[in-house]
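Take a look at the structure set out below.
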Amino acid sequence: MNLTQLLPEFVGIAAGDFPMGTPERQLSALAKAYGGTRESYREESPQHTVALAGFAIARAPVSNALYGAFVAATGARAPIHWRAPQPPAQLLSHPVADVSWNEAVAFCAWLSGALEQEQRGSGAVGDRASVFRLPSEAEWERAARGTDGRMFPWGERWESTRANTREAEIGGTTPLGAYPSGASPAGCLDMAGNVWEWTASLDALYPYQAGDGREQADAPGRRILRGGCYANPQGFARCACRFRLLPGASNPFLGFRLAI
């Protein structure tokens with residue numbers, strides 16, 4: 001097994017500012033378009049400027065093929081829909097789903113060490129193996145929407161041909177990169193629909209402040225997910241939409257992507 005060949009491509013995001021969240025003046029319009037009341041969307045507000053250091057993020061979520069290597073090496077729990085210790089061949093190129101936050105964090109630690117050993121054994125020189133992690137909520141949103149505050153990764157208007165959401169009527173995951181026209185300004189794929197993606201961040205009110213404890217890895221509490229999934233309607237695929245679950249929760253809609 002060659003882990004390097006299973007790794008997703010990474011894209012670099014330059015240091016800088018971006019507008020995070022939804023302007024308060026748009027909350028009523030969101031309620032009218034997607035249901036609920038304006039207070040249903042209050043967690044996304046206010047929109048505020050966040051300064052980020054440079055980072056790199058995977059172009060696509062972790063695949064079943066790569067997660068299968070983790071399960072084989074560690075004996076970790078396999079996603080329930082695999083119905084076996086390894087994913088079925090037809091799902092190898094799909095995003096892994098049914099992964100908890102705790103399992104995603106364990107995967108990052110395993111991958112970092114395993115890839116370092118693989119590179120050392122092959123004589124390769126590199127340092128990225130030691131720093132695989134989940135992206136913060138802010139990093140995820142920056143990679144999804146760029147710096148112009150757009151609603152969806154491709155722009156302001158919903159287009160059902162650009163993402164695997166309920167509107168696509170597929171009822172399951174699709175291969176990674178199946179919607180190239182849905183790419184974000186950074187070139188990231190599947191940031192709208194397919195699977196919800198865990199972030200490193202605790203559920204906390206805005207404004208986002210990385211130093212206020214929300215990025216503390218061992219703190220108790222719910223963790224934020226982003227992006228919506230194949231079973232959700234388009235409103236959940238908005239770049240600013242926030243969802244949260246306890247770190248031990250898993251279901252067929254939850255996946256993740258890597259950051260460095």
Within the range 54-75: backbone nitrogen closer than 12 Å to the A15 label point (7 Å, Cα to C-beta) = 54-55
Per GNM of the chain with C-alpha springs under 10 angstrom, the most fluctuating residue out of D17, D212, D190 is D212
Specify the inter-centroid distance of the range 127-167 and the range 1-73, based on alpha-carbon positions, in whole Å.
-> 4
Residues H94, H81, sorted so that the one with the fewest Cβ neighbours within 10 Å comes first = H81, H94
For the chain, state the average projected area of the convex hull of the C-alpha atoms over all orientations, rounded to one decimal in nm².
-> 13.2
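Against the 2.2 N^0.38 Å scaling, with N counting residues, where does the range 93-196 land? I'd like the Cα-based Rg ratio to two decimal places.
1.27
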Potential extension, N102-S160 segment - 0.36 nm per residue separation minus Cα distance = 17.7 nm
Taking Cα atoms, the helix 64-74 axis meets the longest principal axis of the chain at an angle in degrees (rounded to 10) of 50
Where Rh is the Kirkwood radius over the Cα pairs of the range 1-131, the temperature 4 °C and the viscosity 1.567 mPa s, what D in µm²/s does Stokes-Einstein return?
-> 73
Build a GNM of the chain with springs between Cα atoms under 10 Å: which of L225, L66, L205 gets the top mean-square fluctuation?
-> L205
Within the range 215-238, backbone nitrogen closer than 20 Å to the virtual label 7 Å beyond the Cα of A53 toward Cβ = 215-219
DSSP bridge pairs, the range 127-260: antiparallel proportion in percent, nearest 5 = 65
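FYI, it's all coordinate maths here, none of it is from the lab. This structure is a prediction, so every number in the text was calculated from the model and none was measured. A quick note on method: Cβ atoms are made from the backbone with ideal geometry, for glycine too, and the neighbour counts reach across all protein chains shown.
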